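**Student:** This is the structure I have questions about; it appears just below.
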Amino acid sequence: MIEHQPETTSGIPLKLLYGPDDVPADIREALGAPPGRAPYLRGAYPRMYRDRPWRIFQLSGYGNPEDMNERLKFLLFEAGETGIIIKHDRMTDDHLYDVDHPEIVERREDVGLTGTVTVGLRDYETILSDLPLDSIYAKPGGGVPQSAVYTLPSYWSVAARRGIPLEKLAGTGQSDFFLTYLGCPTKEQIPPEAAIRFNLDLIEWCSERMPRWVPVSIAGYNAADSGLSAHQELGAVMANAVQYLDMIAARGKVDVERLAHRIGGMNFRVSMEVFEDAAKLRAARKMWSDLLGQRYGITDEKARQMRIHVVTAGSAMTYQEPFNNIVRGTLMALFSVLGGTQSLGVSGYDEAMSIPSDHAHLMSIRIQQILQNEINLREVADPLGGSYYVESLTGELEERGWEFFRQIQDRGGFLAVLDDGFLLECAEENNQRIAVGMESGERAIVGVNTHTIDDPIMEVEAFEGRSGAETWEMAMERLADLRRTRHGRGAVEALRNLEEVCRNDSVNAIPAFMEAVSADASIGEIGSVLRETFGDWQVPISV
Amino acid sequence: MSEFGPSPLPPARVLVAKSSLDGHWRGVAVVARALREAGFEVILGGMLRPSEMASVAAAEDVDLVGINVGGRVEVVERALDEMEAAGLGDVPVFVGGTVPPQAVPRLTDRGVGVFPPGSSLSAIVDEARRLTGRDSPAHRV
């Protein structure tokens with residue numbers, strides 16, 4: 001009888017026992033460099049968590065701006081979060097629709113369910129009231145590029161109105177292509193070519209004015225949770241970064257070496273395949289350092305340092321027996337730290353049914369605080385380093401990651417594989433394999449397809465925020481108020497100027513977005529300008 | 001009808017669409033493929049408003065509608081109302097996705113099957129066969 005060959009989720013065969021021969025030569029060499037030194041296999045900083053614990057960085061947001069403000073104040077001042085993320089309503093924010101858009105009106109009860117809903121800059125003032133913008137680290141939102149150019153300028157404008165100079169602000173944007181063009185393609189979205197122009201504008205803007213801001217953040221998480229496997233996530237992330245760097249070099253306004261460090265704040269997923277994913281974080285740092293050295297000739301080690309944010313896999317969280325997810329979250333969080341992450345978000349245990357309730361949100365923070373305080377996890381850097389097994393996985397992922405990177409380059413590069421559906425096909429194929437494995441029971445999920453019980457005793461109510469269409473009704477009132485009380489001609493002129501700037505890619509568009517939000521242009525009006533200027537992306541989705 | 005049992009019906013037509021604007025396609029793709037492999041003709045609607053759910057179901061003359069839910073149950077209920085208003089009250093509907101557990105009875109009370117994340121594909125396919133009268137052995141592919 002042939003013994004069943006076990007393998008990781010991404011298909012790396014697993015041996016019963018690993019030894020010295022399983023560690024590739026270049027990994028052995030990289031192990032010689034301590035944390036904080038290239039190629040950063042062993043960690044981004046010399047003293048790792050002894051100097052700075054990882055940032056507890058949870059996604060949060062729902063309802064109207066007052067709800068969001070209240071939640072943020074609770075998280076910062078009471079629960080002990082060390083950075084804020086503002087999660088926006090995906091329907092209105094990612095689409096840049098006003099709440100009276102026909103696509104929204106027929107789904108009005110959904111408004112505010114996936115994040116807070118804003119109609120314009122005034123709502124940002126509410127969201128951020130009483131928050132010390134000059135001292136907090138923030139991710140104001142803007143997961144997709146077209147929303148980032150509304151969201152980031154709004155956040156920055158609120159700070160400017162309070163007299164805080166832009167250079168004092170610390171935080172990160174996102175503008176992620178994997179979310180936008182792979183994981184969750186929205187109903188209407190500007191094409192990747194237009195999006196990349198805005199990302200480059202953000203990068204240049206921040207490198208000139210905002211030394212403490214990461215302008216865009218490549219989110220391997222979204223690639224992985226859409227279905228790309230671990231090495232595909234690595235290869236695709238590198239291809240995405242190369243796309244930015246090559247285009248920045250071609251524009252010639254900012255030095256690539258100066259810029260590389262900004263692009264090096266990236267986001268990865270850690271799933272229940274914990275050893276593989278901890279190895280993935282270690283491989284990612286080495287790949288990034290090698291890429292910048294070899295492809296761009298960057299010798300400055302500091303410029304080649306990757307800093308990582310991890311989000312634990314939302315897709316690992318089950319709808320059935322949700323409290324089991326606290327255990328899953330803890331395991332994924334632990335291995336994220338063992339892989340050397342700089343910040344961490346743990347998916348709520350109610351992830352499969354709703355955005356996190358207060359209780360689930362606090363639980364995610366508590367998981368991290370327990371890891372930071374109770375198990376001596378901060379004292380030793382790279383505890384997995386030198387494990388034959390982990391180093392073998394690290395080497396294997398790096399090799400396969402570069403292979404996938406070359407495949408993408410051979411097909412015409414990162415933008416080409418979004419447009420031609422190649423990445424979607426890869427993801428779909430993996431998802432299909434996972435679904436078949438779940439169906440046959442080969443992939444066991446406790447409480448779902450194994451050890452199930454008929455009479456559920458672990459039930460949880462999904463968090464739904466305000467009842468019915470209340471959030472939408474309140475937003476409709478604020479939108480009417482905005483239109484009635486703003487300086488009408490100022491908004492019209494700012495929007496006209498924005499359109500001109502959008503049509504002329506030789507100028508940086510960010511100032512025009514700052515002016516438009518400051519003139520109380522609504523989110524939907526800004527969206528209309530983008531839709532009219534750039535049109536809609538045709539999703540190459542085969543489903 | 002012959003003495004050998006019912007003559008095989010043509011493949012059932014299923015509209016698969018999302019009621020919410022969240023864009024997550026992963027579950028939809030897996031379910032659509034399972035239905036196709038089980039012999040259904042799958043029409044992919046993408047993200048449809050409740051009124052579009054009814055108009056597309058009518059235009060495509062479907063036997064079944066499968067709705068992926070990433071939002072609130074009220075929007076699904078509006079789609080059911082729109083279908084009834086368009087004279088499609090007899091077209092069965094089933095839903096999957098992140099339906100809040102406390103809202104499930106509101107759908108099952110209207111005869112709508114609910115398949116939350118983690119549901120088995122064979123259970124979904126069996127329900128689709130039952131709802132479209134393709135559950136006798138003669139209709140299996």
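Please treat every number below as a calculation from the coordinates, not as lab data. Remember, it's a predicted structure, so these values are computed and weren't measured experimentally. Glycine gets a Cβ as well: all are built from the backbone with ideal geometry, and neighbour counts include every protein chain shown.
**Student:** Enumerate the amide H contacts of residue B:115 below 5 Å, restricted to partners 5 or more residues apart or on another chain; note that Pro and chain-start residues carry no placed amide H.
**Tutor:** Here B:95, B:96, B:97 satisfy the definition.
**Student:** Shifting gears a bit: Per 0.36 nm of contour for each residue apart, how much would the distance between residue B:9 and residue B:122 grow if the chain were fully extended, relative to their Cα-Cα spacing?
**Tutor:** Separation in residues times 0.36 nm, less the Cα-Cα distance, equals 38.6 nm.
**Student:** Another question about this same structure. Going by Cα centres, segment A:282-350 and segment A:34-60 are how many Å apart?
**Tutor:** So the separation of the two Cα centres works out to 11 Å.
**Student:** If you don't mind, another one. Using alpha carbons only, how many degrees (0 to 90, rounded to 10) separate the axis of helix B:73-85 from the longest principal axis of chain B?
**Tutor:** 50 degrees
**Student:** Which one of A:450, A:63, A:501 is farthest out on the positive end of the charge dipole of chain A, using unit charges on Cβ (Lys, Arg +1; Asp, Glu -1) and the Cα centre as origin?
**Tutor:** A:501
**Student:** Specify the angular offset, from 0 to 90 degrees and rounded to the nearest 10, of the alpha carbon long axis of helix B:26-37 from the longest principal axis of the alpha carbons in chain B.
**Tutor:** 10 degrees
**Student:** Return the average number of partner chain Cβ atoms within 10 angstrom of each residue Cβ along peptide A:103-115.
**Tutor:** Per-residue shielding by partner chains comes out at 5.
**Student:** Still on this structure, please answer the following. Taking R0 as 51 Å, what's the FRET efficiency between residue A:359 and residue A:16 from their Cβ-Cβ distance, rounded to 0.05?
**Tutor:** Values: r = 42 Å, r/R0 = 0.82.
E between residue A:359 and residue A:16, to the nearest 0.05, is 0.75.
**Student:** Evaluate segment A:472-527: find the radius of gyration of its Cα atoms, find its Kirkwood radius, and give the ratio Rg to Rh.
**Tutor:** Answer for segment A:472-527: 1.05.
**Student:** Between residue A:77 and residue A:160, what's the calculated FRET efficiency when r is the beta-carbon distance and R0 is 30 Å? Round to 0.05.
**Tutor:** 0.80
**Student:** Tell me which DSSP H helices of chain A clear both cut-offs, 18 Å or more of axial length from alpha-carbon atoms and a mean Kyte-Doolittle hydropathy of at least -1.0.
**Tutor:** On the way: long enough: A:145-161 (24 Å, -0.01); A:192-209 (25 Å, -0.24); A:230-251 (32 Å, 0.37); A:274-296 (32 Å, -0.49); A:324-338 (22 Å, 1.16); A:358-374 (23 Å, -0.46); A:388-410 (33 Å, -0.91); A:422-440 (27 Å, -0.16); A:470-485 (23 Å, -0.93); A:488-502 (21 Å, -0.11).
Flagged H segments are A:145-161, A:192-209, A:230-251, A:274-296, A:324-338, A:358-374, A:388-410, A:422-440, A:470-485, A:488-502.
**Student:** Along the charge dipole of the protein assembly as shown, pointing to its positive end and built from +1/-1 on Cβ of Lys, Arg, Asp and Glu, which listed residue (B:10, A:436, A:421) has its Cα farthest out?
**Tutor:** It is A:421.
**Student:** In terms of the Cα gyration tensor, with a ≥ b ≥ c the square roots of its eigenvalues, is segment A:1-70 rounded because a/c is under 1.5, prolate because a/b exceeds b/c, or oblate?
**Tutor:** Oblate, since a/c reaches 1.5 and b/c is not below a/b.
**Student:** Residue separation times 0.36 nm, minus the C-alpha to C-alpha distance between residue A:302 and residue A:477: what's the value?
**Tutor:** 58.0 nm
**Student:** Related question: Going by C-beta contacts inside 10 Å, put A:9, B:98 in order with the fewest on the left.
**Tutor:** Least to most surrounded, the residues fall as A:9, B:98.
**Student:** What is the calculated FRET efficiency for residue A:209 to residue A:129, with r their C-beta to C-beta distance and R₀ = 35 Å, to the nearest 0.05?
**Tutor:** It comes out at approximately 0.90.
**Student:** Need the list of aspartates and glutamates near residue A:187 for cross-linking: C-alpha distance under 13 angstrom, and skip anything on the same chain fewer than eight residues off.
**Tutor:** Of all the aspartates and glutamates, those that pass the test against residue A:187 - Cα under 13 Å, at least 8 places apart if same chain - are A:93, A:94, A:103, A:536, B:22.
**Student:** Could you tally the net charge around residue A:471, taking each other residue with its Cβ under 9 Å from the Cβ of residue A:471, Lys/Arg +1 and Asp/Glu -1?
**Tutor:** Charge balance in the 9 Å sphere: -3.
**Student:** Using a 10 Å cut-off on Cβ to Cβ distances, tally the other chain neighbours for every residue of B:62-70 and report the average as a whole number.
**Tutor:** Shielding by partners across B:62-70 averages 1.
**Student:** Further question on the same structure: How many times 2.2 N^0.38 Å is the alpha carbon radius of gyration of segment B:1-110?
**Tutor:** 1.12
**Student:** How would the protein assembly as shown be classified by its alpha-carbon gyration tensor: rounded, prolate or oblate, with rounded meaning a/c under 1.5 and the a/b versus b/c comparison settling the rest?
**Tutor:** oblate
**Student:** Rounding to the nearest 20 debye, state how big the charge dipole of the protein assembly as shown is about its Cα centre with +1 on each Lys and Arg Cβ and -1 on each Asp and Glu Cβ.
**Tutor:** Its charge dipole is roughly 2000 debye.
**Student:** Another question about this same structure. Using label points projected 7 Å from each Cα along Cα→Cβ, tell me how many nm separate residue B:110 and residue A:247, to one decimal.
**Tutor:** Going by the 7 Å Cα→Cβ label model, 4.3 nm.
**Student:** What's the average, rounded to a whole number, of partner chain beta-carbon atoms within 10 Å of each residue's beta-carbon in A:415-425?
**Tutor:** That average works out to 0.
**Student:** May I ask you to order A:524-534, B:54-64, A:16-26 by the average number of other C-beta atoms within 10 Å around their residues, highest value first?
**Tutor:** A:524-534, B:54-64, A:16-26
**Student:** Fewest first, what order do A:515, A:193 take by the number of other Cβ atoms within 10 Å? If you can, show how the numbers build up before the last one.
**Tutor:** Details: A:515 20, A:193 12.
The most exposed by this proxy come first: A:193, A:515.
**Student:** Moving on. Taking 25 Å as the cut-off for C-alpha to C-alpha distance, list the pairs among A:87/A:302; A:280/A:302; A:87/B:18 that go past it.
**Tutor:** A:87/A:302
**Student:** Using a ≥ b ≥ c from the Cα gyration tensor of segment A:295-415 (square roots of the eigenvalues), is it rounded, prolate or oblate, where a/c under 1.5 gives rounded and otherwise the larger of a/b and b/c decides, a/b for prolate?
**Tutor:** Taking the square roots of the gyration eigenvalues as a ≥ b ≥ c, segment A:295-415 is prolate.
**Student:** Quick check: the angle from helix B:50-59's long axis to the longest principal axis of chain B, C-alpha only, nearest 10 degrees?
**Tutor:** 20 degrees
**Student:** Report the gain in length on full extension from residue A:505 to residue A:420: 0.36 nm times residue separation, minus Cα-Cα distance, nm rounded to one decimal.
**Tutor:** 28.1 nm
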